[in-house]
Amino acid sequence: MDCSLGNIAGRGSQEEAFDEPLGGPVRFPGGIAMPVQLEKVLGFGRSFSFWPLLFGLACCAIEMMALGGPRFDMSRFGMEAMRASPRQADGMIIAGWCSIKMAPRVVRLYEQIPDPKWVLAMGSCAISGNIWDTYHVVQGIDSLIPVDVYVPGCPPRPEALWEGLEMIRERIKQSRHAYDGLRRIPAREALAQATASSVPPAVPLEVPLVEVPRS
Amino acid sequence: MSAGGGAERPLPASLLAADRAVLDRFGARILERIEAFGELTYCVAPGDWTEVLSFLKDSPEGAFDQLDCLLGDHLPEREDRPLAVVVHLVSHAHGHRLRVKTALAEGQGLPTLTGLWPSAGFDEREAWEMFGILFEGHPDLRRLLTTDDFEGHPLRKDFPLQGTVGGRIRIDLRGKI
Ligand code: SF4
């Protein structure tokens with residue numbers, strides 16, 4: 001397929017990851033889980049029923065809808081149940097550019113999704129702001145929330161999004177999340193920093209991109 | 001005055017009747033009357049704004065019952081009056097449309113139209129936010145599309161197109177997440 005896809009893990013390392021044993025503790029709020037075979041079983045089960053949040057921000061959402069429709073039909077993979085409530089969702093697809101006014105709502109929606117959760121940034125706007133280096137667009141959603149898979153394109157074709165979702169599925173099987181069990185949410189960190197230093201009360205637009213932990 | 005090419009398309013009969021009523025009533029207070037592409041545009045002084053528009057709404061010939069949109073404009077080359085406000089009106093009774101414009105000096109206010117068409121509320125908020133045109137008597141003149149602490153009027157021609165305007169543009173998450 002001719003769509004170039006980006007993944008923070010890189011495709012090579014992802015294939016290697018199949019052979020690795022699941023290592024290290026996975027921390028959830030209120031406890032630590034030692035991954036054993038059970039984690040693999042759970043991941044296998046979850047990977048066939050990834051329910052994204054029914055949520056689109058801009059024109060990329062049109063391609064996301066196309067993937068949900070009959071022609072591309074993502075219900076073949078157990079992903080058609082897009083939930084309108086974040087509390088029933090397993091993750092979110094950031095489909096389109098996020099305006100600065102919308103940014104707090106996106107962070108809230110992200111935080112309302114129960115753990116474990118996965119995030120896919122769809123399109124150049126969600127990844128980097130695209131051509132909208134202007135007064136109203138967040139320059140990359142990963143300055144606010146951790147992102148698992150990046151799907152570039154303007155807009156990405158439904159097949160590209162589908163492949164991105166397949167990458168999410170692999171990460172679900174391996175019980176890997178962008179926040180790496182530590183719940184490092186860049187928006188929270190920037191907010192805490194700004195509050196502690198009490199210099200500018202708001203988070204500047206150019207928050208240094210928090211490095212997403214690599215698996 | 002008519003623009004070339006489009007002049008041969010005539011105005012609808014109902015709009016011509018409304019046009020006659022307006023010209024009878026206001027005469028020279030309609031500063032400019034532009035007819036092009038089968039559409040009619042009036043330019044009026046800011047002082048006549050409410051009077052002309054309420055006449056257009058209430059007169060049986062006009063019967064403009066809908067304010068389709070209200071927008072601002074910035075024309076810095078017009079030094080004495082760089083700002084403009086344009087309204088597009090629709091009449092569902094007659095099926096015709098009309099455009100009314102006015103030119104404003106920097107800092108000059110304009111009376112609100114929310115009393116005539118409540119839908120003007122959001123449009124006036126946007127025109128105020130984007131161009132800094134003050135609408136006097138507006139019940140709720142807050143920023144609509146940008147955050148409350150935003151400084152500047154982004155659709156003015158002198159607003160930088162790119163970047164964060166010297167770091168002035170910020171994502172304020174306090175109390176919101
Ligand atoms: S990447 Fe392109 S299609 Fe997607 S939201 Fe941005 S401008 Fe729209």
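The values are calculated or read from the model by the stated rules, or taken from the named source; none is laboratory data. Note that the coordinates shown come from a computational prediction; the quantities given were computed from them, not determined experimentally. Ideal geometry is used to build each Cβ from the backbone, glycine not excepted, and the neighbour counts take in all protein chains shown. Areas reflect the complete protein model, heavy atoms only, side chains present, ligands, DNA and RNA absent. Shrake-Rupley method; radii C 1.70, N 1.55, O 1.52, S 1.80 Å.
Worth a mention:
- Which listed residue is open to solvent by less than 20 Å² (accessible area, probe 1.4 Å), within 28 Å of A:R27 (Cα to Cα) and either in a helix (DSSP H, G or I) or within 12 Å of the ligand (Cβ to nearest atom) (or both), from A:P104, A:P146, A:P116: A:P104
- Among the residues listed as A:G78, A:G69, A:G96, the single one being of a type in the set (G, A, S), more than 14 Å from chain B (Cβ to nearest Cβ) and within 16 Å of the ligand (Cβ to nearest atom): A:G96
- Just so you know, in the stretch A:149-163 the residues that are over 11 Å from the mean Cα position of the chain (by Cα) and open to solvent by 10 Å² or more (accessible area, probe 1.4 Å) include one that is farthest from the other protein chains (Cβ to nearest Cβ), and it is A:E159.
- Test: residue in the stretch B:79-86 that is of a type in the set (D, E) and without any contact (Cβ under 8 Å) to a residue 24 or more places away in the chain: yes
- The combined condition, being more than 11 Å from chain B (Cβ to nearest Cβ), open to solvent by less than 10 Å² (accessible area, probe 1.4 Å) and within 12 Å of the ligand (Cβ to nearest atom), is fulfilled by A:A126.
- Across the stretch A:81-93, the qualifying residues are those that are crowded, with 20+ Cβ neighbours inside 10 Å and among the small types (G, A, S), and the one among them that is farthest from the ligand (Cβ to nearest atom) is A:A89.
- When B:R125, B:R156, B:R97, B:R142 are checked against the criterion of being within 13 Å of another protein chain (Cβ to nearest Cβ), surrounded by 14 or more Cβ atoms within 10 Å (Cβ to Cβ), farther than 16 Å from B:W49 by Cα and basic (K, R), a single residue qualifies: B:R156.
- Residue list for the stretch A:158-193, filter: charged (D, E, K, R) and not in a loop (DSSP other than H, G, I, E, B): A:E159, A:E163, A:E166, A:R169, A:E170, A:R171, A:K173, A:R188, A:E189
- Within the set A:G31, A:G43, the sole residue that is touching a Lys or Arg at 6+ places or on another chain (Cβ under 9 Å) and open to solvent by less than 40 Å² (accessible area, probe 1.4 Å) turns out to be A:G43.
- Qualifying residue in the stretch A:164-180 (condition: within 15 Å of the chain's Cα centre (by Cα), within 14 Å of another protein chain (Cβ to nearest Cβ), away from the ligand (no atom under 11 Å from the Cβ) and touching a residue at least 24 places away in the same chain (Cβ under 8 Å)): no
- The stretch A:48-64 - residue that is open to solvent by 50 Å² or more (accessible area, probe 1.4 Å) and within 16 Å of the ligand (Cβ to nearest atom) and, of those, farthest from the other protein chains (Cβ to nearest Cβ): A:I62
- Candidates B:L40, B:L23: the one that is open to solvent by 30 Å² or more (accessible area, probe 1.4 Å) and more than 14 Å from the chain's Cα centre (by Cα) is B:L23.
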